[in-house]
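Inspection log for the structure reproduced underneath, given as structure tokens.
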Amino acid sequence: MRTEDFNFYLPEDLIAQFPAPERRASRLLRLDGNSGALSDAWFKDLPNMLVPGDLLIFNDTRVIKARLLGQKESGGKVEALIERILDEHEALAHVRASHAPKPGQRLIFADAVEAEMVERQGDLFRLRFLGEKPLLDLLDEYGALPLPPYIQHNPDEFDENRYQTVYAREPGAVAAPTAGLHFDDAMLEELKNQGIGIAHVTLHVGAGTFQPVRVDNIAEHRMHSERYNVPQATVDAIEATRAAGRTVTAVGTTAMRALESAARDGQLKAGSGETDIFITPGYQFQVVERLLTNFHLPKSTLLMLVSAFAGVENIREAYRHAVEQRYRFFSYGDAMLIERKR
């Protein structure tokens, strides 16, 4: 298939710049991947769409304040976006500067944080942060929240709360698993009281999630790699749900990618690893029957994933409907609940 097959018209004013007033106040478009049927709903009604014994899988990654602004020793401006923390003092980062830093060159961020460029690894730069304070603490103190490039305001305290799921606990992501942003603590409690199971995986979302596909033939695209972990407790919960004849729902494409990565040999197994899984139409899903997700960018790998899950033509029609009905798109936008096409 061609990248252009996943393009669609999106008016700029439908790109949500701010979240809904309350987390559960977004709209929800339901899509049956088998019939193609669409129905308009509200996210607050999600508990009514599930039955006792169903299982929701959440990605519990936590967004870090990954953006650092500063200068080189020579005085030139520099911006770093941490892509991956390697240990307490080193990280891989995207670096923007008039001239790329060279090994051994020092970078000074926020007039307080000093780092040395160790080496270049492809498009990324390995940085060693100097001093005794752990890197996560430095980022929390001096970094800025890395809002997506299509959100055009500077992050503030409101964003620090709302661009983070209420169940986030494992720091390491530079982008939020946005389907989970719609849940508040009260809804999670309501789901549990209703007999809906909840389990977690971790996938640290990288900045590559916003990178466009730059090749015409999607088979030539290479995904960025991300770290994931699927606990044994989650595998057990999925097996129990299936045995009871109930439905497993991935909350977000990142939870889906973690689960499918852990089942690449045909059997879901607990464990940690790196994944560059690229899910496109024709993929045979191993784990999940239902997907809760936001609306994705044109020509993006995530739009290709949901097209594989629900059918290309079904997604095209759903997105046409969403534009006509003025749903809000992308990270701070509305949601979809998709039943897998069999």
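Mind checking whether some residue in region 20-32 is assigned by TED's automatic domain parsing to the domain that holds Met223 and among the polar types (S, T, N, Q)? Taking every residue of region 20-32 in turn, at least one turns out to be assigned by TED's automatic domain parsing to the domain that holds Met223 and among the polar types (S, T, N, Q).
Restricted to strands (runs of 3 or more DSSP E) entirely inside region 18-110, those with at least 1 residues that are without any contact (Cβ under 8 Å) to a residue 40 or more places away in the chain are 38-42, 67-72, 77-85, 90-97, 106-109. Comparison of Pro177, Pro171, Pro148 shows that the only residue that is in contact (Cβ under 8 Å) with a residue 12 or more places away in the chain, over 12 Å from the mean Cα position of the chain (by Cα) and at negative phi is Pro171. Here Thr202 meets the list (1) part of a strand (DSSP E or B); (2) over 18 Å from the mean Cα position of the chain (by Cα) almost entirely, failing just condition (2). The set of residues in region 281-338 being in contact with a Pro (Cβ under 8 Å, 6 or more places away or on another chain) and either free of Cβ contacts under 8 Å to residues at least 12 places away in the same chain or within 23 Å of Ala207 (Cα to Cα) (or both) consists of Leu297, Lys299, Ser300, Met304, Ser307, Ala308, Phe330, Ser331, Tyr332. Of all residues assigned to region 250-259, none qualifies as being of a type outside the set (Ser, Thr, Tyr) and farther than 19 Å from Ala176 by Cβ.
The values are calculated or read from the model by the stated rules, or taken from the named source; none is laboratory data. Remember, predicted model here, so these are calculated numbers, not experimental data. Backbone-built Cβ (ideal geometry, glycine too); neighbour counts: all protein chains shown.
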